[in-house]
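Participant: First, the structure itself, so that you have it in front of you.
Values in this text are rule-based calculations from the coordinates and carry no lab data. In this text, all values refer to a predicted model and were calculated from it rather than measured experimentally. Counting neighbours? That spans all protein chains shown, and the Cβs are built from the backbone with ideal geometry, glycine included.
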Amino acid sequence: MKRVTTDDSLPYVGLLKNVLEQSGIACVIKNDQLSGGLGEIPFLECLPELWVLEDQDLARATTLLKNLEEPSGITAQWRCAGCGELNDGQFAACWHCGTADTHGG
Ligand SMILES: [Zn+2]
């Protein structure tokens, strides 16, 4: 088992677990019970942790989560100067009239 990440938000760790499982990576959450023990154990050691069961999955899991946190290639929508149509960020020209993207992205 290898620890992939730690976060103070259990719902967020649960989301990451879902992402990994959808990619076929078996993983578990540790410290998902925050109640009890806080008087003796430093709080940081009680944060939810995401672990992969198979050591060889660690690199892939890390990459998946990194991509999740840093979405690349996703840009804001822009409005066509020619016809006023709203285009998704990945389009370099208006899908409606073909005017080139001028929003300066
Ligand atoms: Zn247009």
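Participant: Under the 0.36 nm per residue contour assumption, what length would be gained going from the current alpha-carbon distance of Thr99 and Asp32 to full extension?
Facilitator: Extending this stretch completely gives an extra 18.9 nm.
Participant: Let me ask something else. Taking the simple approach of a point 7 Å from Cα along Cα-to-Cβ for both Glu21 and Leu68, what is their distance in nm?
Facilitator: 1.2 nm
Participant: Any chance you could run the full-extension gain for Ala76 through Ser9? It's 0.36 nm times the residue separation minus the Cα-Cα distance, nm to one decimal.
Facilitator: 21.4 nm
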